[in-house]
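Structure first, then comments.
The values are calculated or read from the model by the stated rules, or taken from the named source; none is laboratory data. Predicted, not measured: the structure shown is a model, and the values here were computed from it. FYI the Cβ positions are ideal-geometry reconstructions off the backbone, even for glycines, and counts take in every protein chain you see. Side chains included, ligands, DNA and RNA excluded: accessible areas come from the protein's heavy atoms. Shrake-Rupley method; radii C 1.70, N 1.55, O 1.52, S 1.80 Å.
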Amino acid sequence: MKIRNDIAELLHAGLPLTHICRQLRVGAITVQRTREALGLPAPRAGRRPLTLKEAFRKGTRPIGSGHLLWIGHRSKDNTPRCCFNKTSLPAPRASFLLHHGREPIGKALPTCGLDYCVAGEHLADRPMREANQRADKAFAVIFGGDQ
């Protein structure tokens with residue numbers, strides 16, 4: 001059997017079979033056969049992530065330069081979702097909450113230039129973005145420039 005790299009990547013990341021099936025739109029047998037071909041053990045029935053931090057960590061993969069890629073669950077409209085204890089949050093919101101210790105005001109958006117990054121230190125909410133814009137304007141007034 002030819003191993004599908006996308007399934008293998010998610011299996012190695014520890015995602016449950018149902019999440020892989022939903023995210024990649026494949027049947028359970030395809031995921032099971034890939035797991036067997038990779039020689040990975042059968043999934044154990046065990047505790048699910050109990051904390052937001054555990055669920056978030058399991059749904060991400062570092063991609064260098066401090067960036068985090070979301071590899072976890074996505075909603076039907078392809079929004080990254082962090083699911084824990086029967087709760088679902090947008091992954092950027094969960095990351096912002098974990099990093100800053102508070103809920104974002106407005107959307108938590110990446111400021112690092114990568115639209116898909118969910119690293120907490122790369123996210124800013126509306127007040128933070130507005131403060132940065134004010135700082136940029138003040139910088140332009142002081143030092144000149146076309147900002």
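Observations on the model:
- Result for the chain in a Gaussian network model with C-alpha springs under 10 Å: among A13, A91, A131, the largest mean-square fluctuation is at A131.
- Shown in residue order for the stretch 65-77 are the 3J(HN,Hα) couplings computed by the Karplus curve 6.51 cos²θ - 1.76 cosθ + 1.60 at θ = phi - 60°: 6, x, 7, 10, 9, 7, 10, x, 4, 10, 6, 4, 8 Hz (x for Gly and Pro).
- Approximating the spin labels as points 7 Å out from Cα along Cα→Cβ, the T18-to-D77 distance works out to 2.3 nm.
- Angle of helix 28-38 to the longest C-alpha principal axis of the chain, folded into 0 to 90 degrees and rounded to 10: 90°.
- Taking the Cα centre of the chain as reference, the dipole from Cβ charges on Lys and Arg (+1) and Asp and Glu (-1) amounts to some 760 debye.
- Helix 91-100 axis, angle to the chain major axis (alpha carbon atoms, nearest 10°): 60
- Between I20, I105, I71, the Gaussian network model of the chain with springs among Cα atoms under 10 angstrom shows the greatest mean-square fluctuation at I105.
- Label-to-label distance for K86 and I3 is 3.8 nm, based on points extended 7 Å past Cα in the beta-carbon direction.
- Nonpolar atom fraction for the chain, defined as the carbon and sulfur part of the 1.4 Å probe accessible area, stands at 54 percent.
- Backbone geometry of the stretch 123-132 corresponds, through the Karplus equation with coefficients 6.51, -1.76 and 1.60 at θ = phi - 60°, to 3J(HN,Hα) couplings of 10, 9, 9, 4, x, 5, 5, 5, 5, 5 Hz, x marking Gly and Pro.
- The amide H of I71, built 1.01 Å from its N in the peptide plane, has T60, R61 as neighbours under 5 Å, considering only residues 5 or more places off or on other chains.
- In a DSSP loop and with at most 15 other Cβ atoms within 10 Å, the trypsin sites (Lys or Arg not before Pro) in the stretch 15-106 are R25, R44, R47, K76, K86, R102.
- Rolling a 1.4 angstrom probe over the protein heavy atoms with all chains in place gives the chain an accessible area of 66 Å² per residue.
- Radius 12 Å from Cβ of L98, net charge of other residues (Lys, Arg +1; Asp, Glu -1): +1
- Options A124, P90, H67, ranked by Cα towards positive dipole end of the stretch 39-147, top entry (Cβ charges): P90
- Theoretical FRET efficiency, 1/(1+(r/R0)^6), r = Cβ-Cβ of H100 and R134, R0 22 Å, to 0.05: 0.70
- Under a 5 Å amide H cut-off, with hydrogens placed 1.01 Å from N, A124 pairs with L109, T111 among residues at least 5 apart or on other chains.
- Secondary-structure-derived ellipticity at 222 nm for the chain, considering helices only, amounts to -12500 deg cm²/dmol, per-run term -39500 (n - 2.57) for DSSP H runs with n ≥ 4.
- Relative contact order, percent, the stretch 33-147 [alpha-carbon distance under 8 Å, six or more residues apart]: 17
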